[in-house]
1. In a loop (DSSP other than H, G, I, E, B) and either in contact (Cβ under 8 Å) with a residue 60 or more places away in the chain or out of contact with any Gly (no Cβ under 8 Å at 6 or more places or on another chain) (or both) - does that describe any residue in the range 132-140?
2. Quick one: which of Ile94, Ile140 is within 17 Å of the chain's Cα centre (by Cα), under 23 Å from Tyr54 (Cα atoms) and of a type outside the set (Phe, Trp, Tyr)?
3. Taking only the range 64-107 into account, find how many residues are assigned to a helix (DSSP H, G or I) and either of a type in the set (Phe, Trp, Tyr) or touching a His at 6+ places or on another chain (Cβ under 7 Å) (or both).
4. Mind checking which strands (runs of 3 or more DSSP E) fall wholly inside the range 167-260 and carry at least 1 residues that are within 16 Å of the chain's Cα centre (by Cα), over 27 Å from Ser38 (Cβ atoms) and aromatic (Phe, Trp, Tyr)?
5. Considering each residue of the range 108-131, count those that are touching a residue at least 24 places away in the same chain (Cβ under 8 Å) and in a helix (DSSP H, G or I), and give that number.
6. With respect to the numbered conditions (1) hydroxyl-bearing (Ser, Thr, Tyr); (2) touching a helix residue (DSSP H, G or I) at 6+ places or on another chain (Cβ under 7 Å); (3) modelled with pLDDT of 95 or more, which one is the sole condition not fulfilled by Tyr185?
Amino acid sequence: MKKTETIIQEDGTKITQDKNMKRLLNINYLKYGNKTFSSGWLDYPEIYCNTRIYPDFLALYSEPGLYYKTENTGVCFNLYDKEFDGKNGLFNAIYYDDLPRLKFFKNRFQGVRFFMGPDCSQLDDVHKIESFYRVFRQRIMLLWSLFEINAIAVPQILFPSLKVLPITLDGLQSSSVVAFSTKGYINNAIENKIMKEAVKITVETLHLHAIIVYDVCATNEPAMEIFRYASDNGIKIIIPANTLKIRNQINVGGDEYAQQ
């Protein structure tokens, strides 16, 4: 994609130089997308997550003071999209090669050990292309975290509906560790059933060693029930502590309960 342009200098001499076509065409994400293979009908960038070390605490993007709470703290993005993926968010900084914003994010996340795939919201009642594109956004941000801050990049499973889940799993076939969030799936019987089926499809599609779960319930039993199919198939279910989970544990049983 190299093209050249001629520049006339102040003394009248002409020089020829390569045009920055990535910047001119707004395809700066290729800096990271081209460092991996593409997979499936939508050419999703492949992610390779095969860690055998897991986070023991998950700090939200909005909690930078907790990014290093433990040696194995992970940063997750289980918030409204506007809070982490707005016009000044990481993906747009990558997409437009916004150097000041990229420097901001590199400084913000420097030293973070686990970078959990941003929870770009999936909705079944919007245009399918929007949901598919949000999966792509997550993949590019994961690659950025891998190459720019040397984090362990953990993909989070995203799907607007069970029908398209096999498509959004493309590019994860070489990952043995993925993440899920149970937010919105515990107390709603219909959503609970959907999540259980999503777990089953994921387990049957990928070759998993462990699943890391963002869960805010006071006890782990409801989440473990959702992931029973995975655990019954020998997959480790990792449910790290997080601020909301600890708060709910304290509300239920006090400080001693939260420390168990």
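1. No, every residue in the range 132-140 fails to be in a loop (DSSP other than H, G, I, E, B) and either in contact (Cβ under 8 Å) with a residue 60 or more places away in the chain or out of contact with any Gly (no Cβ under 8 Å at 6 or more places or on another chain) (or both).
2. Ile140
3. Residues meeting the conditions: 5.
4. Because the criterion is at least 1 residues that are within 16 Å of the chain's Cα centre (by Cα), over 27 Å from Ser38 (Cβ atoms) and aromatic (Phe, Trp, Tyr), the strands (runs of 3 or more DSSP E) in the range 167-260 that meet it are 210-214.
5. Final tally of qualifying residues: 4.
6. Result: Tyr185 passes all but (3).
The values are calculated or read from the model by the stated rules, or taken from the named source; none is laboratory data. Predicted model only: the values in this text are computed from it and were never measured. All Cβ positions, glycine included, derive from the backbone under ideal geometry; neighbour counts span all protein chains shown.
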